[in-house]
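What follows is a set of notes on a single structure, which appears directly below.
The values are calculated or read from the model by the stated rules, or taken from the named source; none is laboratory data. All values derive from a computational prediction rather than experimental measurement. Reconstructed Cβ throughout: ideal geometry from the backbone, glycine too, with neighbour counts over all protein chains shown. These area figures cover heavy atoms from the full protein model, side chains too; ligands, DNA and RNA do not enter into them. Shrake-Rupley method; radii C 1.70, N 1.55, O 1.52, S 1.80 Å.
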Amino acid sequence: MDQGLCGDVQVERILVYSFLKNCHNCDFSKELDSLRSQVMVSSPKDFLCAEFDDGELQTDGNRSGRFQNGEPGSVVDEDVFRLIGAQLAEIGDQVAREIDQRVVNDLMRQFVNENLSREEIMRRLSNTVEGLMRTVPLEMEQEKAMLVLSMVLARTVANKMPSLLHRVFNTTVNYINQNLHNYVVNLQQES
(Lines give C-alpha, C1' and ligand atoms only; values in the text may rest on other atoms or scores of the structure.)
Protein backbone atom coordinates (compact mmCIF):
# COMPACT_ATOMS: atom_id res chain seq x y z
CA MET A 1 0.00 0.00 0.00
CA ASP A 2 2.38 2.69 -1.19
CA GLN A 3 0.71 6.07 -0.99
CA GLY A 4 3.77 8.07 -2.04
CA LEU A 5 3.15 11.76 -1.64
CA CYS A 6 -0.58 11.48 -2.10
CA GLY A 7 -3.30 9.25 -0.80
CA ASP A 8 -4.82 9.64 2.61
CA VAL A 9 -1.66 10.76 4.45
CA GLN A 10 -2.36 14.44 5.13
CA VAL A 11 -2.90 14.01 8.86
CA GLU A 12 0.31 12.02 9.22
CA ARG A 13 2.31 14.60 7.22
CA ILE A 14 1.11 17.42 9.46
CA LEU A 15 1.77 15.40 12.59
CA VAL A 16 5.31 14.30 11.63
CA TYR A 17 6.25 17.76 10.35
CA SER A 18 5.01 19.38 13.56
CA PHE A 19 6.82 16.78 15.68
CA LEU A 20 10.09 17.45 13.86
CA LYS A 21 9.61 21.21 13.92
CA ASN A 22 9.11 21.17 17.71
CA CYS A 23 12.01 18.90 18.64
CA HIS A 24 14.86 20.37 20.65
CA ASN A 25 18.48 20.23 19.52
CA CYS A 26 17.80 19.33 15.90
CA ASP A 27 20.53 19.77 13.32
CA PHE A 28 18.21 19.52 10.33
CA SER A 29 16.22 22.76 10.60
CA LYS A 30 17.48 23.98 7.19
CA GLU A 31 16.39 20.71 5.55
CA LEU A 32 13.08 20.82 7.41
CA ASP A 33 12.47 24.37 6.18
CA SER A 34 13.24 23.23 2.63
CA LEU A 35 10.78 20.38 3.08
CA ARG A 36 8.11 22.84 4.14
CA SER A 37 8.84 25.23 1.29
CA GLN A 38 8.94 22.35 -1.19
CA VAL A 39 5.60 21.18 0.11
CA MET A 40 4.02 24.62 0.24
CA VAL A 41 5.18 25.58 -3.26
CA SER A 42 2.39 23.40 -4.56
CA SER A 43 -1.14 24.15 -3.53
CA PRO A 44 -2.28 22.83 -0.16
CA LYS A 45 -4.52 20.38 -2.03
CA ASP A 46 -1.49 18.92 -3.82
CA PHE A 47 0.47 18.69 -0.57
CA LEU A 48 -2.24 17.30 1.59
CA CYS A 49 -4.13 15.47 -1.14
CA ALA A 50 -7.22 16.72 0.63
CA GLU A 51 -10.49 18.32 -0.19
CA PHE A 52 -10.91 21.58 1.65
CA ASP A 53 -14.25 22.05 3.28
CA ASP A 54 -14.99 25.53 1.95
CA GLY A 55 -12.04 26.45 -0.30
CA GLU A 56 -12.15 30.05 0.90
CA LEU A 57 -8.97 32.06 1.14
CA GLN A 58 -8.15 33.33 4.60
CA THR A 59 -6.97 36.87 5.29
CA ASP A 60 -3.34 35.65 5.19
CA GLY A 61 -3.85 34.34 1.65
CA ASN A 62 -3.86 30.68 2.64
CA ARG A 63 -6.71 28.26 2.32
CA SER A 64 -8.77 27.14 5.27
CA GLY A 65 -6.94 24.94 7.79
CA ARG A 66 -9.71 22.35 7.83
CA PHE A 67 -9.83 19.55 5.31
CA GLN A 68 -11.53 16.28 4.65
CA ASN A 69 -9.84 13.21 6.05
CA GLY A 70 -10.72 11.14 3.02
CA GLU A 71 -13.64 9.60 4.87
CA PRO A 72 -17.19 10.81 4.16
CA GLY A 73 -18.30 13.49 6.58
CA SER A 74 -14.98 13.75 8.41
CA VAL A 75 -13.27 17.10 8.76
CA VAL A 76 -9.79 17.41 10.24
CA ASP A 77 -8.51 20.53 11.95
CA GLU A 78 -4.91 21.04 10.86
CA ASP A 79 -4.11 23.16 13.94
CA VAL A 80 -5.14 20.33 16.25
CA PHE A 81 -2.61 18.00 14.62
CA ARG A 82 0.10 20.65 14.79
CA LEU A 83 -0.55 20.95 18.51
CA ILE A 84 -0.58 17.16 18.96
CA GLY A 85 2.74 16.95 17.06
CA ALA A 86 4.24 19.56 19.39
CA GLN A 87 3.01 17.69 22.47
CA LEU A 88 4.38 14.39 21.17
CA ALA A 89 7.73 16.10 20.49
CA GLU A 90 8.01 16.85 24.22
CA ILE A 91 7.40 13.18 25.00
CA GLY A 92 9.83 12.26 22.23
CA ASP A 93 12.61 14.30 23.83
CA GLN A 94 12.34 12.07 26.90
CA VAL A 95 11.98 8.83 24.94
CA ALA A 96 15.03 9.59 22.78
CA ARG A 97 17.31 9.19 25.81
CA GLU A 98 16.17 5.58 26.20
CA ILE A 99 17.11 4.48 22.67
CA ASP A 100 20.44 2.75 22.14
CA GLN A 101 22.39 4.70 19.52
CA ARG A 102 23.50 1.45 17.87
CA VAL A 103 19.85 0.88 16.92
CA VAL A 104 19.70 4.37 15.40
CA ASN A 105 23.00 3.89 13.55
CA ASP A 106 21.80 0.59 12.09
CA LEU A 107 18.55 2.18 10.90
CA MET A 108 20.48 5.12 9.45
CA ARG A 109 22.59 2.71 7.40
CA GLN A 110 19.35 1.25 6.02
CA PHE A 111 18.16 4.70 4.95
CA VAL A 112 21.52 5.43 3.32
CA ASN A 113 21.33 2.23 1.28
CA GLU A 114 19.76 3.44 -1.96
CA ASN A 115 19.41 -0.14 -3.20
CA LEU A 116 16.58 -0.76 -0.73
CA SER A 117 13.05 -0.13 -1.94
CA ARG A 118 10.63 2.12 -0.05
CA GLU A 119 8.78 -0.97 1.09
CA GLU A 120 11.96 -2.58 2.42
CA ILE A 121 12.98 0.58 4.26
CA MET A 122 9.51 0.79 5.80
CA ARG A 123 9.69 -2.86 6.82
CA ARG A 124 13.01 -2.19 8.54
CA LEU A 125 11.59 0.89 10.29
CA SER A 126 8.67 -1.26 11.44
CA ASN A 127 11.03 -3.97 12.73
CA THR A 128 13.06 -1.34 14.59
CA VAL A 129 9.95 0.12 16.22
CA GLU A 130 8.78 -3.39 17.21
CA GLY A 131 12.21 -4.16 18.69
CA LEU A 132 12.20 -0.94 20.70
CA MET A 133 8.70 -1.70 21.95
CA ARG A 134 10.17 -4.81 23.58
CA THR A 135 13.30 -3.14 25.01
CA VAL A 136 12.38 0.45 25.89
CA PRO A 137 10.06 0.78 28.87
CA LEU A 138 7.33 3.23 27.90
CA GLU A 139 4.39 3.84 30.18
CA MET A 140 1.82 4.65 27.53
CA GLU A 141 -0.61 2.79 25.32
CA GLN A 142 0.93 0.66 22.59
CA GLU A 143 -0.21 2.79 19.63
CA LYS A 144 1.05 6.00 21.21
CA ALA A 145 4.39 4.34 21.98
CA MET A 146 4.71 3.14 18.37
CA LEU A 147 3.83 6.61 17.09
CA VAL A 148 6.34 8.37 19.34
CA LEU A 149 9.08 5.81 18.68
CA SER A 150 8.69 6.06 14.90
CA MET A 151 8.92 9.85 14.99
CA VAL A 152 11.83 9.82 17.46
CA LEU A 153 13.69 7.45 15.14
CA ALA A 154 12.97 9.79 12.21
CA ARG A 155 14.27 12.75 14.17
CA THR A 156 17.36 10.94 15.42
CA VAL A 157 18.32 9.59 12.00
CA ALA A 158 17.77 12.99 10.39
CA ASN A 159 19.80 14.63 13.15
CA LYS A 160 22.74 12.33 12.44
CA MET A 161 22.45 12.77 8.68
CA PRO A 162 20.25 15.75 7.68
CA SER A 163 20.49 14.87 3.98
CA LEU A 164 18.24 11.87 4.72
CA LEU A 165 15.39 14.01 6.05
CA HIS A 166 13.15 13.77 2.96
CA ARG A 167 13.47 9.98 2.74
CA VAL A 168 13.05 9.55 6.49
CA PHE A 169 10.05 11.90 6.56
CA ASN A 170 8.21 10.14 3.74
CA THR A 171 8.96 6.68 5.13
CA THR A 172 7.75 7.67 8.60
CA VAL A 173 4.58 9.26 7.21
CA ASN A 174 3.79 6.10 5.24
CA TYR A 175 4.63 3.84 8.20
CA ILE A 176 2.28 5.78 10.48
CA ASN A 177 -0.41 5.85 7.81
CA GLN A 178 -0.27 2.10 7.28
CA ASN A 179 0.01 1.09 10.93
CA LEU A 180 -1.52 3.83 13.05
CA HIS A 181 -3.86 5.87 10.86
CA ASN A 182 -7.05 5.20 12.85
CA TYR A 183 -5.26 5.90 16.12
CA VAL A 184 -3.88 9.19 14.75
CA VAL A 185 -7.26 10.32 13.42
CA ASN A 186 -8.85 9.54 16.79
CA LEU A 187 -6.30 11.77 18.52
CA GLN A 188 -8.26 14.74 17.20
CA GLN A 189 -11.32 13.70 19.18
CA GLU A 190 -9.27 13.31 22.35
CA SER A 191 -7.86 16.84 22.06
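General observations
- Scalar couplings 3J(HN,Hα) for region 134-144, obtained by applying the Karplus form with A = 6.51, B = -1.76, C = 1.60 to θ = phi - 60°, are 7, 10, 9, x, 10, 8, 7, 4, 4, 5, 5 Hz; x denotes Gly and Pro.
- Approximating the spin labels as points 7 Å out from Cα along Cα→Cβ, the H24-to-Q94 distance works out to 1.2 nm.
- Summary of packing: across the peptides 160-170, 114-124, 10-20, 142-152, the per-residue average of other C-beta atoms within 10 Å ranks them, highest first, as 10-20, 142-152, 160-170, 114-124.
- Across the protein chains, with a 1.4 Å probe defining accessible surface, the residues Y183, Y175 rank Y183, Y175 from largest area downward.
- Across region 75-191, the mean sequence separation of Cα contacts (distance under 8 Å, 6 or more residues apart), normalised by length, yields a relative contact order of 36 percent.
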